[in-house]
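Chemist: Input: one structure, supplied below.
The values are calculated or read from the model by the stated rules, or taken from the named source; none is laboratory data. Since the structure is predicted, the reported quantities are computational estimates derived from the model, not experimental observations. Cβ coordinates were reconstructed from backbone atoms using ideal geometry, including for glycine residues, and neighbour counts include every protein chain displayed. When the accessible area is computed, the model is the full protein with side chains, heavy atoms only, and any ligands, DNA or RNA have been set aside. Shrake-Rupley method; radii C 1.70, N 1.55, O 1.52, S 1.80 Å.
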Amino acid sequence: MWLERMQTEGLLEAAVVYGYFRCVSSGNDLIVLGPGGVTELERFSFPRQRRDRRLCLADFFKPQGDGQEAPTDVVAFQLATMGSRISLTTAELFAKNAYREYLELHGLSVQLTEALAEYWHARIRRELGFAASDPDDLDGFFRVAYRGARYSFGYPACPDLSDRAKVVRLLEPSRIGVELSEEMQLHPEQSTDAIVVHHPEAKYFSV
């Protein structure tokens with residue numbers, strides 16, 4: 001019912017902004033480079049595990065070399081949203097004490113946002129040329145049985161929400177109606193960002 005209403009009432013304004021950037025790593029830092037691989041655009045500092053494999057997201061990228069001819073790596077960033085109309089509709093339902101409808105629509109819109117982000121991650125793998133190794137069944141996607149991983153900011157491997165400001169500068173998501181609040185929250189609420197790591201050993205881990 002809600003999927004039909006979303007379509008007939010035009011509640012969904014699904015959109016994505018994403019991009020590829022040259023990069024190198026330096027210790028726990030990922031350095032995003034400008035055209036030509038010389039100018040530093042942004043620098044992300046990630047935490048490192050104190051036990052197990054002592055992993056850090058920066059480990060999955062080529063280390064910084066000497067000189068301008070040193071090889072660089074590539075990193076992708078993406079931001080997906082369901083748009084502002086769905087947020088306004090869920091807020092109206094909550095204000096009217098229509099809690100069941102609010103919970104149903106809010107939950108569905110959040111899941112659709114995550115589905116769009118996963119779909120776009122698959123597109124990035126295709127564009128990078130290794131989607132042929134994607135699993136054939138849905139269970140394989142839930143087990144992250146494809147190459148690389150998508151890490152959302154605020155989660156264990158990249159917990160610093162202030163890094164969202166760097167992603168916003170790189171991607172300019174205002175073009176699709178997404179803004180970043182002073183509390184480092186994305187608006188509309190039904191929006192999600194991520195750094196896409198293509199290294200074959202990149203999997204989810206806790207720090």
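Chemist: Which of the GluC sites (Glu not before Pro) found in segment 148-207 are loop residues per DSSP with 10 or fewer other Cβ atoms within 10 Å of their Cβ?
Modeler: Values: sites: E179, E182, E183, E189, E201; in loops: E182, E183, E189, E201.
For GluC sites (Glu not before Pro) across segment 148-207 that sit outside H, G, I, E and B with at most 10 neighbouring Cβ atoms in 10 Å, the list reads E182, E183.
Chemist: Whenever you get a sec, line up Y18, Y155 from highest to lowest accessible area (probe 1.4 Å, protein heavy atoms).
Modeler: Numbers: Y18 60, Y155 145 Å².
The residues order as Y155, Y18, largest area first.
Chemist: Looking at segment 1-59, which trypsin sites (Lys or Arg not before Pro) are DSSP coil and have at most 12 other C-beta atoms within 10 Å of their C-beta? Let's see the in-between values first.
Modeler: Values: sites: R5, R22, R43, R48, R50, R51, R53, R54; in loops: R48, R50, R51, R53, R54.
Sites meeting the loop and neighbour criteria: R50, R51, R53, R54.
Chemist: With the other protein chains left in place, how much accessible area per residue, in square angstrom, belongs to the chain at a 1.4 angstrom probe? It would help to have the intermediate numbers written out before the result.
Modeler: Values: 11320 Å² over 207 residues.
On a per-residue basis, 55 Å².
Chemist: Would you work out the charge dipole size for segment 108-207 about its Cα centre, treating the Cβ of every Lys and Arg as +1 and the Cβ of every Asp and Glu as -1, and quote it to the nearest 20 debye? Can you show the working numbers first?
Modeler: On the way: 11 positive and 16 negative charges, 70 e Å.
Value, rounded to 20: 340 debye.
Chemist: Give the separation of the Cα centroids, segment 174-207 to segment 32-51, in Å.
Modeler: Cα centroid of segment 174-207 versus Cα centroid of segment 32-51: 16 Å apart.
Chemist: From largest accessible area down, sort D136, D193, D52; use a 1.4 Å probe on the protein chains. Intermediate values should be presented prior to the final figure.
Modeler: Working: D136 165, D193 5, D52 125 Å².
Descending order: D136, D52, D193.
Chemist: Work out the length of the dipole vector of the chain about its Cα centre, built from +1 on the beta-carbon of each Lys and Arg and -1 on the beta-carbon of each Asp and Glu, and round it to the nearest 20 debye. Before the final figure, lay out the partial values.
Modeler: On the way: 23 positive and 30 negative charges, 93 e Å.
I would put it at about 440 debye.
Chemist: Got a sec? Charge dipole of the chain, +1 on Cβ for Lys and Arg, -1 for Asp and Glu; which of Y146, H187, G19 is way out at the positive end?
Modeler: The one lying farthest along the dipole's positive direction is Y146.
Chemist: Within 15 Å, Cβ to Cβ, of F141, how many net charges do the neighbouring residues add up to if Lys/Arg are +1 and Asp/Glu are -1? Spell out each step's value before the answer.
Modeler: On the way: positive: R123, R125, R126, R143, R147, R150, K203; negative: E114, E118, D134, D136, D137, D139.
Combined, the nearby Lys, Arg, Asp and Glu give +1.
Chemist: Hey, another quick one. Can you show me the helix-derived [θ] at 222 nm for the chain, built from DSSP H runs with n ≥ 4 at -39,500 (n - 2.57) apiece and divided by the number of residues, rounded to the nearest 500. Show your work: numbers first, answer last.
Modeler: Values: 5 runs with 63 residues, N = 207.
That comes out to -9500 deg cm²/dmol.
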